[in-house]
Amino acid sequence: MHFPRRIVCLTEEAVEVLFALGEGDRVVGVSAYVERPAEAKKLPVVCAFTGGNVKKVRDLNPDLVLGFSDIQKDFARDLIGAGLNVFIANHRSIEEILSYIRLIANMVGKQEEGELYLEQIELKIEKARAFAKSLTKRPKVYIEEWDEPRICAIRWFHELVELCGGDSITKDQSMGSLAKERFIEDQFVIDANPDIILACWCGKKVDKESIANREGYSELEAVKRGNIFELDPAVFLQPGPAPLVTGIDTLCEIFSSWVKTSP
C-alpha cells in the first residue's frame, strides 16, 4: 500500500504529530509559524496561516498537503486547483484533537505508533484529572485569545483549563467554532470577576499592563493579586499535541500556585 512520502504542512500541529510518530522525514514544507520540534524550523517555509505561495508548495512535489480550519479554505482551493492532494481538518475539542492524531497516523501507515503516542497523551490527561481533584478550590479563569476585539478561548483551550481544575468563565462562548462567535465584552469579564486571566494572543506579545488598565478591571481579583499570565500561543493555540503534552503542566503549575497564595 502506498502512503504519502512528501508532505507539506500548512499548520504546525501536523508537523508535531508526524515528528512524534518518527516520520519527520516525510515533512518537506512548513508554515512560518512552526515551532515544534525545533528541527522543523529548518524546513522550507511555504505559507503563513491564511495564505501562502502555491508555486513554492508545488515545487516541493508533495503527495499530500495538510492544513487546518475554514480560514485556510481559499489557499486550499488554490492548491487543489493546482492539482495537489489537500486535506483540511477542522477540529475544535480535545476529543477531536485525539481523533486527529489517530487520523494522521493512519494516513502515513503508522497506526501502531499512533496508538502508542495516544496512550502517552492519555496518561498526561489522567494526570491533569487527578491534579484537578486534588485542588481544595477551583479558580475562575478568563482566557483571552485576542485583545482588539476581545476574543475568548477556542474550545480546546477552554476544555484544557477545566480539565486542569479551573472554571472557565466563557463556557458558552468558547463553544463557537468561528472567532466572531467568541467575542467578549469587558462588562462580561467584570461581572464574572475571574481569579486568573490567561492571555494568549496569537501573533503578538501580550501587554499585561494594558489588560490591568482596562476600565473596570482594577477591581478584578486577577488584577488585584497580579494573576495575569501570558501563555505561549505555539502551545495553547495549536490544535494538536502541544496543549496536552506541554500545556497541562503549565496550567497545573499556575493553578497550584494560586491555591497556595489565595486567601
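The values are calculated or read from the model by the stated rules, or taken from the named source; none is laboratory data. Note that this is a predicted model, so its numbers are computed, not measured. Glycine also receives a Cβ, built like all others from the backbone with ideal geometry; neighbour counts cover every protein chain displayed. Just the protein is used for accessible areas: all its heavy atoms, side chains included, with ligands, DNA and RNA removed. Shrake-Rupley method; radii C 1.70, N 1.55, O 1.52, S 1.80 Å.
Just checking, does region 120-128 include any residue being modelled with pLDDT of 95 or more, aliphatic (A, V, I, L, M) and either open to solvent by 20 Å² or more (accessible area, probe 1.4 Å) or more than 30 Å from Glu23 (Cα to Cα) (or both)? Show your work before the answer.
Taking region 120-128 as the starting set, the residues that turn out to be modelled with pLDDT of 95 or more are 120-128.
Those still in the list that are aliphatic (A, V, I, L, M) too: 121, 123, 125, 128.
From what is left, the residues that are either open to solvent by 20 Å² or more (accessible area, probe 1.4 Å) or more than 30 Å from Glu23 (Cα to Cα) (or both) are 123.
Looking for residues that are modelled with pLDDT of 95 or more, aliphatic (A, V, I, L, M) and either open to solvent by 20 Å² or more (accessible area, probe 1.4 Å) or more than 30 Å from Glu23 (Cα to Cα) (or both), one finds at least one in region 120-128, hence yes.
Within region 133-148, is there a residue that is of a type in the set (Val, Ile, Thr), within 30 Å of Val189 (Cβ to Cβ) and exposed (fewer than 15 other Cβ atoms within 10 Å of the Cβ)? Break it down stepwise before answering.
From region 133-148, those of a type in the set (Val, Ile, Thr) are 136, 141, 143; that's our starting set.
Pick out the ones that are also within 30 Å of Val189 (Cβ to Cβ) and you get 136, 141, 143.
From the residues that got through so far, the ones that are exposed (fewer than 15 other Cβ atoms within 10 Å of the Cβ) too are 136.
Yes.
Asp186: modelled with pLDDT of 95 or more, touching a strand residue (DSSP E or B) at 6+ places or on another chain (Cβ under 9 Å) and exposed (fewer than 15 other Cβ atoms within 10 Å of the Cβ), yes or no? Spell out how you get there, then give the answer.
On the way: modelled with pLDDT of 95 or more: yes; touching a strand residue (DSSP E or B) at 6+ places or on another chain (Cβ under 9 Å): no; exposed (fewer than 15 other Cβ atoms within 10 Å of the Cβ): yes.
Considered against the rule, which asks whether it is modelled with pLDDT of 95 or more, touching a strand residue (DSSP E or B) at 6+ places or on another chain (Cβ under 9 Å) and exposed (fewer than 15 other Cβ atoms within 10 Å of the Cβ), Asp186 comes out as no.
Among the residues of region 2-24, count how many are in contact with a Leu (Cβ under 8 Å, 6 or more places away or on another chain) and open to solvent by 60 Å² or more (accessible area, probe 1.4 Å).
1
Checking the conditions here, which among Gly226, Gly203, Gly240 is modelled with pLDDT of 95 or more, closer than 23 Å to Ser31 by Cα, of a type outside the set (Val, Ile, Thr) and in a loop (DSSP other than H, G, I, E, B)?
Numbers: Gly226 fails: closer than 23 Å to Ser31 by Cα; Gly203 fails: modelled with pLDDT of 95 or more.
The match here is Gly240.
Of the numbered conditions (1) within 26 Å of Tyr100 (Cα to Cα); (2) surrounded by fewer than 21 Cβ atoms within 10 Å (Cβ to Cβ), Gln238 satisfies every one except a single condition; which is it?
(2)
Those residues that are more than 21 Å from Phe157 (Cα to Cα), without any contact (Cβ under 8 Å) to a residue 40 or more places away in the chain and out of contact with any helix residue (DSSP H, G or I) (no Cβ under 6 Å at 6 or more places or on another chain), I need them from region 191-213; list them, please.
Asp191, Glu209, Asn213
Counting just the residues of region 25-42 that are out of contact with any Phe, Trp or Tyr (no Cβ under 6 Å at 6 or more places or on another chain), open to solvent by less than 40 Å² (accessible area, probe 1.4 Å) and not in a strand (DSSP E or B), which one comes out farthest from Gly240 (Cα to Cα)? Quick ask: steps written out before the conclusion?
Here is the first cut: in region 25-42, the ones out of contact with any Phe, Trp or Tyr (no Cβ under 6 Å at 6 or more places or on another chain) are 25-36, 38-42.
Within this subset, residues satisfying the condition of being open to solvent by less than 40 Å² (accessible area, probe 1.4 Å) are 26-31, 34, 40.
Still in the list and also not in a strand (DSSP E or B): 26, 34, 40.
Numbers: Arg26: 18, Val34: 12, Ala40: 15 Å.
Of everything passing the filter in region 25-42, Arg26 is farthest from Gly240 (Cα to Cα).
Checking Val57 against (1) touching a residue at least 40 places away in the same chain (Cβ under 8 Å); (2) in contact with an Asp or Glu (Cβ under 6 Å, 6 or more places away or on another chain), which test does it fail?
In the conditions (1) touching a residue at least 40 places away in the same chain (Cβ under 8 Å); (2) in contact with an Asp or Glu (Cβ under 6 Å, 6 or more places away or on another chain), Val57 misses (2) alone.
Check whether at least one residue in region 119-141 is closer than 30 Å to Val8 by Cβ, in contact with a Phe, Trp or Tyr (Cβ under 9 Å, 6 or more places away or on another chain) and either free of Cβ contacts under 8 Å to residues at least 12 places away in the same chain or in a loop (DSSP other than H, G, I, E, B) (or both), and report yes or no.
no
Return the total of residues in region 149-175 being over 19 Å from Asn227 (Cα atoms), part of a helix (DSSP H, G or I) and open to solvent by 10 Å² or more (accessible area, probe 1.4 Å).
So the answer is 5.
Inside region 85-116, can you point out the residues that are under 16 Å from Val27 (Cβ atoms), assigned to a loop (DSSP other than H, G, I, E, B) and either of a type in the set (Ser, Thr, Tyr) or open to solvent by 30 Å² or more (accessible area, probe 1.4 Å) (or both)?
Asn85, Lys110
For region 51-84, what are the residues that are of a type in the set (Val, Ile, Thr) and open to solvent by less than 20 Å² (accessible area, probe 1.4 Å)?
Correct list: Val57, Val65.
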